[in-house]
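The values are calculated or read from the model by the stated rules, or taken from the named source; none is laboratory data. Here the structure is a predicted model, which means the values were calculated and not measured. Because the Cβ atoms are built from the backbone with ideal geometry, glycine has one as well, and the counts that use them run over all protein chains shown.
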Amino acid sequence: MKERRRARPEQHDPLLLGQEDKQGGAPGDGGSALWQALSDCLSILFLLGYAVCYSVGQMSIYRMRRIHRRLLRVRAYLYASLRRQHEQNRRALHLASREWLRPLRQFLLIFTYLRSARQPLREEDRLPTGTVVRVVGGRLLHAFWRLLVTLFNILAPIAAIWFLVHTVQYYTSLRYGLMVEYNGEQLGIIDSEARFDEAEELMRERIIHEEYQSPNDTIPRFTLQIMGDEEYLDTQELADKLIRLSGNDLFEAYGVYIDGRFIGAMADCDWLLTELDQRLTLGYSDPETESVRFSRSFQVRRGLYPVSSTVGTQDIFSLLDSEVAAERRYTVQAGDMPINIARHNGISLEELERLNPGVTESLMPGDSLLISGRVPYLRLLSVRSETLQEEIPYTTNREVDNNELIGYFSVVTDGEPGLREVVSNVTYLDGEQLSSEVVSSRIIRNPVPQHINVGGKRPSAEMLGENDIVEDLDGGMFMWPVDGGKITMPIWGYAGHTGNDITAIPAGTTIRAAATGTVIYSGYTAWGYGRHIIIDHGNGIQTLYAHNSRNTVQVGDEVVQGQKIGEVGQTGNAYGNHCHFEIRKNGQYLDARDYIGAVCPR
């Protein structure tokens with residue numbers, strides 16, 4: 001039988017193949033040298049790649065086997081460690097359970113000993129009673145001994161801690177004080193040595209009309225002492241005991257103290273207190289919304305006082321009704337004028353100017369003026385709860401119309417101020433307001449913004465004339481600043497006239513900001529501008545509005561073009577109601593007609 005063998009595929013060495021190809025040549029080109037070189041390179045690269053891959057594979061297998069063996073050793077180590085730890089924990093738990101269950105086992109042994117003691121108890125005729133008691137007692141003691149020792153070891157530390165805590169609580173709850181011994185007598189217990197110093201000072205204050213006659217021993221001695229139900233001596237009681245030890249003539253009276261200073265002693269103070277209460281009652285305007293008190297603290301203390309310090313009721317009221325050197329001041333309000341301030345405070349204008357030099361030349365809201373150099377000794381201080389309704393200014397939305405000339409102004413939608421209710425605590429001193437603190441506020445009506453159109457077209461050269469020059473201001477355009485009127489007195493119309501006067505308008509006519517900016521001055525001078533406003537528009541540009549009857553803005557306010565800032569008047573050096581309007585750039589006065597025209601465009 002013939003053996004069949006599978007034909008093995010013929011294997012060829014790549015190098016030999018290359019040689020064969022080199023000998024046989026590439027098909028179709030008769031053995032090209034280029035083809036042979038390329039074939040040799042590919043064969044070499046293949047062998048190198050094969051060798052590298054083989055080496056990497058062998059090394060990877062070796063490394064993986066080493067890692068596997070190490071992981072096995074780590075697992076075995078961890079497993080052994082965990083088993084040892086588990087065994088240690090089990091033994092520790094077993095020992096702990098035996099230790100904690102030992103008292104229970106000892107307690108259960110009692111019943112075993114009692115059962116073993118039944119026999120002697122039943123055979124009373126054969127064993128004496130004493131023997132039975134000794135046997136049973138000994139067995140019980142033996143059974144209980146270790147139980148008692150264990151319980152003692154547990155309870156003794158707990159009892160010691162409890163005893164320590166209660167001991168600390170007891171001693172900390174005790175009240176300690178200083179027993180005062182003065183001139184050989186124990187006066188009482190005080191809380192600190194500072195209390196004695198205060199009482200001694202109070203005692204010496206009472207002796208104002210004679211010399212203090214001190215006792216023989218004036219050195220106090222203090223001893224720490226545990227107090228019972230008695231109370232500490234206060235400063236007044238200790239002062240009475242100290243003055244009793246002096247050699248001065250004393251009597252029981254009421255001491256009058258004003259601002260903590262002893263004034264004198266009175267045998268009866270009822271009439272004095274009644275008179276003071278009546279003065280406070282007269283100071284009330286509305287008892288439900290007002291609290292009134294004296295500007296100085298007033299106290300009456302009963303105690304021992306020297307006879308020489310006695311004063312009468314009339315002496316006390318002579319002091320209260322007197323005047324002392326002090327400043328009496330007045331805070332300037334919006335719309336105030338020097339003559340009105342002087343008349344309101346009961347002094348002449350000359351006296352007001354003497355106390356406040358320059359007041360007739362410069363006066364601004366918020367200024368503090370000296371009214372008098374003397375004030376009443378005892379003044380009334382009242383705090384009133386006042387509810388006021390104040391306006392919320394509306395905002396102005398401006399839209400530029402380039403078809404209209406600069407200075408044109410047209411109201412599209414009228415603005416309406418809002419209304420706010422404000423509750424304030426206002427403090428008055430003898431009727432003059434000192435301060436005000438807002439407690440709450442509530443908006444009743446929200447403001448409605450104003451919408452206006454302003455011109456943005458600059459006048460042409462033909463409109464201005466040959467000699468008129470319009471300077472390009474960085475601050476932007478201006479609008480006519482008054483509701484109506486026209487310019488009748490131009491700039492430099494007479495010597496020193498640095499602006500344009502807008503007239504033909506009644507007093508109280510609204511003055512508006514010619515451009516958006518910040519108020520840098522809002523005040524009053526007796527001559528010149530009178531009550532006036534200066535607004536800074538940036539880049540060195542400012543506008544001024546003078547001779548106003550009232551200013552409605554203050555320094556620091558941010559205003560927008562068209563916003564109301566005041567009302568027309570004739571304050572200062574003015575004849576007739578008009579608005580003196582100036583435009584300044586870097587300190588130079590400009591002709592406002594070049595920017596707003598000469599007649600109100602509305």
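Checking V300, V311, V292 one by one, the residue that is touching a Cys at 6+ places or on another chain (Cβ under 6 Å) and of a type in the set (A, V, I, L, M) is V300 and no other.
Here's the yes/no breakdown for (1) under 17 Å from L388 (Cβ atoms); (2) among the polar types (S, T, N, Q); (3) not assigned by TED's automatic domain parsing to the domain that holds S291:
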residue: V400; (1), (2), (3): no, no, yes
residue: E404; (1), (2), (3): no, no, yes
residue: G415; (1), (2), (3): no, no, yes
residue: L419; (1), (2), (3): yes, no, yes
residue: V422; (1), (2), (3): yes, no, yes
residue: L429; (1), (2), (3): no, no, yes
residue: S435; (1), (2), (3): yes, yes, yes
residue: S440; (1), (2), (3): yes, yes, yes
residue: N446; (1), (2), (3): no, yes, yes
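Among the residues of segment 574-602, those that are more than 18 Å from G538 (Cα to Cα), touching a strand residue (DSSP E or B) at 6+ places or on another chain (Cβ under 9 Å) and in a loop (DSSP other than H, G, I, E, B) comprise A574, G576, N577, D591, G597, A598, C600, P601, R602.
Being farther than 26 Å from P306 by Cβ, surrounded by 15 or more Cβ atoms within 10 Å (Cβ to Cβ) and of a type in the set (V, I, T): is that true of I158 here? For I158, the condition - farther than 26 Å from P306 by Cβ, surrounded by 15 or more Cβ atoms within 10 Å (Cβ to Cβ) and of a type in the set (V, I, T) - is not met.
Those strands (runs of 3 or more DSSP E) of segment 417-477 in which at least 2 residues are at pLDDT below 85, considering only elements entirely within it, cover 432-445, 450-457. On inspection, I505 fails the criterion of being touching a Ser or Thr at 6+ places or on another chain (Cβ under 9 Å), of a type outside the set (F, W, Y) and touching a residue at least 12 places away in the same chain (Cβ under 8 Å). You will find that of D40, D29, the residue that is modelled with pLDDT under 85 and of a type in the set (D, E) is D29 and no other.
The set of residues in segment 509-551 being of a type in the set (S, T, Y) and closer than 14 Å to V482 by Cβ consists of T509, T510, T543, Y545, S549. Sort out which residues of segment 518-536 are modelled with pLDDT of 90 or more, of a type outside the set (D, E, K, R) and either more than 19 Å from Q333 (Cβ to Cβ) or more than 38 Å from the chain's Cα centre (by Cα) (or both), and write them in order of number. Matches in segment 518-536: T518, I520, H532, I534, I535. Q299 meets the conditions (1) within 40 Å of the chain's Cα centre (by Cα); (2) not assigned by TED's automatic domain parsing to the domain that holds E205 in every case but one. The failed one is (2). Considered as a group, the residues in segment 169-185 that are in a strand (DSSP E or B) and not small (G, A, S) include one that is farthest from S308 (Cα to Cα), and that residue is R175.
Of everything in segment 380-396, what is surrounded by fewer than 18 Cβ atoms within 10 Å (Cβ to Cβ) and modelled with pLDDT of 80 or more? Give them in sequence order. Of everything in segment 380-396, those that are surrounded by fewer than 18 Cβ atoms within 10 Å (Cβ to Cβ) and modelled with pLDDT of 80 or more turn out to be L381, V383, S385, E386, T387, L388, Q389, E390, E391, I392. Of all residues in segment 295-310, those satisfying the criterion of being out of contact with any helix residue (DSSP H, G or I) (no Cβ under 7 Å at 6 or more places or on another chain) and either in a helix (DSSP H, G or I) or buried (at least 17 other Cβ atoms within 10 Å of the Cβ) (or both) are V307, S308.
Restricting attention to segment 510-537, the residues that are among the aromatic types (F, W, Y), surrounded by 22 or more Cβ atoms within 10 Å (Cβ to Cβ) and part of a loop (DSSP other than H, G, I, E, B) total 1.
Mind listing whichever residues of segment 492-509 are surrounded by 19 or more Cβ atoms within 10 Å (Cβ to Cβ), of a type in the set (A, V, I, L, M) and part of a loop (DSSP other than H, G, I, E, B)?
Matches in segment 492-509: I505 only.
Within the option set T235, T223, T218, being among the polar types (S, T, N, Q), closer than 28 Å to F294 by Cβ and in the same structural domain as E185 (by TED's automatic domain parsing) holds for one residue only, T235.
Strands (runs of 3 or more DSSP E) fully within segment 186-293 that include at least 1 residues being exposed (fewer than 14 other Cβ atoms within 10 Å of the Cβ), in contact (Cβ under 8 Å) with a residue 24 or more places away in the chain and aromatic (F, W, Y): 250-258. In segment 149-168, the residues that are assigned to a helix (DSSP H, G or I) reach residues that are among the charged types (D, E, K, R) with C-beta atoms within less than 9 angstrom, at least six apart or across chains, in these pairs: T150/E99; T150/R102.
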